[in-house]
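The values are calculated or read from the model by the stated rules, or taken from the named source; none is laboratory data. Keep in mind that this is a model prediction, so the values were computed, not measured. All Cβ positions, even for glycine, are placed from backbone atoms using ideal geometry, and neighbour counts span all protein chains on display.
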Amino acid sequence: MTFPKEPQIITTNEDLQTLCTHLATQKRLAIDLEGDSLHHFREKLCLLQVSDSSEDYIVDVLSITDFGPMKALIENPAILKVMHGADYDVVSLKRDYNCTIHSLFDTALAAQFLDYDRFGLANLIEKHFGFKIEKKYQKHDWSRRPLYWEHIDYARMDTHYLLAMHEIMSFQLERLGLLDACMEESTCLTYREWNGRQFDELDFLRVKKATSLSKDSQKVLRTLYETRDAWSKGRDVPVFHYATDAVLWSVAKNLPTDRSSLLDVVPNKYRGVASRKCTEFLTLIEKGLADERPLPRVPRGEKRPSKTRWLNEVVNQIREWRSTQKEAGRHDFLLPTNNQIKDLAFALPKSMEELESLPVLRRWQLDMWGAEVLEVIQRVTQID
């Protein structure tokens, strides 16, 4: 595709200040970010793309030492930020720059509210503008320099169409009465916090199902985890280059004693890794079992009050109601999730006031079906 203008490349603090002074006059901006999480031990943001109504800009954040002007712009609630699938961008900006997005419209969320069949950015661009974008650099290491024009052209595509897409999708949402809901859901996205690797003694317990392991298995998992961290950090590569969490967990859970039993317990798709590291894993198992360090105490969440009398029936009845709503034409994204249903069953709200006080529901959900769900709960529990 040929663009009318080449994007401006920003590589100095002075140019960034000039750009942000201009962008501060805009009512809407399209923003996207590129990182290097697939290529380095400690991930970081490497590139910021931004588009206004007439031009695209590429900010080489690795060349910028003062992100302040861009931070002020992103945090300015008077400027709408249009982004696509902003989950990673939200937490990455907080992690690297202590920067919180204010006033967000997420086109991926909009596509879900509109019940599109597919809601990837490439799908939306093709749907609305008839242009197919290549995914050639989807897994590119954006920390590599220099940036070539094929990289820049690829990166600019992530924001080039977003403002026009926002106009189309916001019109469709408004017509369906869902624009406020989409804006609320986008705002909730900005509350997310960085939940990455903490590099502390509890870190190995973040492996899925780690707390379900026996004490011996937890000791082995800790040793495997620490070894993987040291190996990956020394080479500045992501930890999955050594072995995935699934491999570490399987080895720790089953405590194999020889090559054959090791390969038996590792999932098929990871057996190549297990085969190459067989001797090392068996040595680490012995090391972990002999480790005399006490295991850290696992923080426990507060216990929920037991309401088992109604729990299963309320869950089943809300799910049945949800099924009838689907049959009537409401799509999944507009209905309560399984986790929300369980939370509602535990809480057993007796009134709209109690329902509104629960943190599990959005305002738009309360308005759309809160009264209906409350009626189901009251019917089951016979609460007037």
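Do we find a residue being within 22 Å of K139 (Cα to Cα) and among the polar types (S, T, N, Q) anywhere in region 57-80? Scanning region 57-80, I find at least one residue that is within 22 Å of K139 (Cα to Cα) and among the polar types (S, T, N, Q), so the answer is yes. Determine which member of the set T65, T159, T100 is crowded, with 18+ Cβ neighbours inside 10 Å, among the polar types (S, T, N, Q) and at negative phi. Just a single option satisfies the conditions, and that option is T159.
Residues in region 119-146 that are among the charged types (D, E, K, R) and farther than 29 Å from P238 by Cα: E126, K127, K132. A Cβ distance below 8 Å, combined with a sequence gap of six or more or placement on separate chains, defines the contacts here; from region 275-296, residues that are assigned to a helix (DSSP H, G or I) reach residues that are exposed (fewer than 14 other Cβ atoms within 10 Å of the Cβ) in the pairs L282/T257; L282/D258; I285/T257. Of note, W369 satisfies the criterion of being within 14 Å of Q325 (Cα to Cα), outside the structural domain of E184 (by TED's automatic domain parsing) and out of contact with any Gly (no Cβ under 9 Å at 6 or more places or on another chain).
H84 - would you say it is at pLDDT 95 or above and surrounded by fewer than 20 Cβ atoms within 10 Å (Cβ to Cβ)? Spelling it out, it is not the case that H84 is at pLDDT 95 or above and surrounded by fewer than 20 Cβ atoms within 10 Å (Cβ to Cβ). Determine, yes or no, whether L189 is surrounded by 11 or more Cβ atoms within 10 Å (Cβ to Cβ), aliphatic (A, V, I, L, M) and under 17 Å from the mean Cα position of the chain (by Cα). Yes. Candidates are the residues of region 52-72 that are assigned to a loop (DSSP other than H, G, I, E, B) and not small (G, A, S); the one that is nearest to R145 (Cα to Cα) is D60. Only helices (runs of 4 or more DSSP H) whose full extent lies in region 306-384 are considered here, and the ones with at least 1 residues that are out of contact with any Lys or Arg (no Cβ under 7 Å at 6 or more places or on another chain) and more than 27 Å from L109 (Cβ to Cβ) are 308-327, 352-357, 371-381. Count of region 215-264 residues, restricted to those that are among the charged types (D, E, K, R), assigned to a loop (DSSP other than H, G, I, E, B) and out of contact with any Leu (no Cβ under 8 Å at 6 or more places or on another chain), is 1.
Selection within region 220-278: residues that are of a type in the set (D, E) and more than 18 Å from K209 (Cα to Cα). The member of this set that is surrounded by the most Cβ atoms within 10 Å (Cβ to Cβ) is D229. Restricting the search to region 3-51, which residues are part of a strand (DSSP E or B), more than 19 Å from I133 (Cα to Cα) and polar (S, T, N, Q)? Selection gives Q8 alone. Considering every residue within region 112-123, establish whether at least one is touching a His at 6+ places or on another chain (Cβ under 9 Å) and under 29 Å from F41 (Cβ atoms). Looking through region 112-123, at least one residue is touching a His at 6+ places or on another chain (Cβ under 9 Å) and under 29 Å from F41 (Cβ atoms).
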